[in-house]
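Here is the structure we will look at, set down as structure tokens.
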């Protein structure tokens, strides 16, 4: 990779833009013999951390690409700015080593029309991947007057390197205007003033679907050396594990989720368990939790216990032994069904089954405390008819639970029972129950792509599963038990003979967990574990091993030493970005809305103040964080982009939400401006939308799903939608779905340095 030199050096057929503040500047071509000199210049820039960084787009490289810039490319740009990977061919970064902080913002909902940009070309004769020049607001002026257009007559713009601005005021190169500006100005004037170009991007997906933007951004391919190291360590660990002979009781104890892993996976822990974790090591060898997280969990649980409705399993003596002759502890399989109320999900059914005998200990229908908004019949199997006449409350269920979980008077021969379930944390929250010992089949078995390796482990074991990649119970039962669940025609327990079977069944799911654990006990330790190919890792794992480019701190003796990168995540707790973040030393800042997200970003930005103690000292304070990742999602929400899952696959109505979107864009503009103002000098901002409007695609997907459902029942004749329209699926609909999916994949990328 050849380096970029400004204002007069560049490789081969590429040209650069010179600084417009000098009269007579023009585009120049650099001979190849000067490339070596340009490389040496960049090496010299490493010794001058005060030099102003700059971005340059390389259109000639972008034209060569088959597809637009992808989400993985944006991730690699982020890593390159942090010094963790090589440069991108389509983007040159001058004075990269001067960049102090990188802030990456995912802001879905921004469309080209919000910036007075033309639609991204769909004509095969036009390249849809080139950066788009963003028009300035009509009233905007700078010290150089109007926005400059530096071009020569007859110039081939596809071969030019586009330069981004070097300050918050002035872009230094633009294409000739492409479209007429709106008279009322852009809806996001901050972006128009701050960024010179919008780069078209393409989200991952297939012909008819949009894949996870977060997955593409956060999953990083492993290096060849790291992959080999992990494979070797994993093989050695497997041999050691299989050479150990364990009894049934020992095996079961090894399946119990540690308090550290429970905390990392969102389980409610009893207060005494959290205190024990607080006073002991916060690492179990597989999971490491921060002391701040333990303290926060204790406060949250204490608050929950003080509020009405929460209970915790009484503490059992630590010296008690198993109550089973074969050495196995008592295990109770649990499954709950929930409905949606005005305050979230509430319990509607709870089933407890003994693992050793298969006996149903109790199976109750429960009347929610609040008004039911959605029975979630597709998943819960609960209907209004099923709950008719039910008077059992959550408190009644909790009393029954404590009968089975409380220590008896003579505890010398007993040990705290183990609760068994699938993603059991959801059931415990529905029961308002904190229990210290659980076996979770969603963690015990592996999803084929659910690896998240902990870089701090030397034995090669898997540290944690990605929450969004946990295996489903139906898939596990079919794969490892050879039978199908959640599709049986008859209901069980209190629903038997009361309603027609629809959705899940609590007893059936609990028995599936029992069978899965039995299979796990009878087979070798590797049963249910997919061979780790070691292809990817989470971005946080990669960054946790890094010391960055210029990160120094003072040790006890006063000598400078390298420190690890400091990273922070600001997002909603269920947003997916938290996966493996807290377990890799990343500070996570949960937020409920964009206002809280902005405050979280400002908190991360303004926690600086420590001075560097190395020879490369500069006057700027050392920022608290080298990398901040955050998401602002209210624009997408206001536009109806976030479509809730429904119990029936009805098409989505694409409504006109111009008024709501305009208000959300105005609020976003203010937040972005506030964030930008607070950023320290030489901060790189990577702002990307991820994807476009998915509503048309989702509507057609649901139409197809509804059609497939009636076809499977041979009931296509006279099939109607919920609004009494004929249900059809034609070749034209299939083409429309592919087009809608392609449009939904299109997004925008904005790059700037303050």
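Data overview
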read-out: Segment residue 367-residue 251, length gained on full extension (0.36 nm per residue, minus Cα span); value: 37.9 nm
read-out: Computed lengthening from residue 209 to residue 663, 0.36 nm per intervening residue step minus Cα-Cα distance; value: 160.5 nm
read-out: Stretch gain in nm, segment residue 307-residue 739, where the contour uses 0.36 nm per residue and the Cα spacing is subtracted; value: 150.4 nm
read-out: Calculated FRET value between residue 374 and residue 487, using beta carbons and R₀ = 22 Å, to 0.05; value: 0.50
read-out: Mean Cβ count within 10 Å, highest first, over the residues of peptides 55-63, 416-424; value: 416-424, 55-63
read-out: Simple spin-label estimate for residue 354 and residue 61 in nanometres, 7 Å along Cα-Cβ; value: 6.8
read-out: Förster radius 41 Å - calculated FRET efficiency between residue 478 and residue 564, Cβ distance, rounded to 0.05; value: 0.45
read-out: Highest-first arrangement of 393-406, 345-358, where packing means the average Cβ count within 10 Å; value: 345-358, 393-406
read-out: In range of the label at residue 395: residues from the range 348-377 whose backbone nitrogen is under 15 Å from the point 7 Å along Cα→Cβ; value: 367-370
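A short reminder: the numbers here are calculations on the coordinates, not readings from a lab. Here the structure is a predicted model, which is why all the values come from computation and not from measurement. Ideal geometry is used to build each Cβ from the backbone, glycine not excepted, and the neighbour counts take in all protein chains shown.
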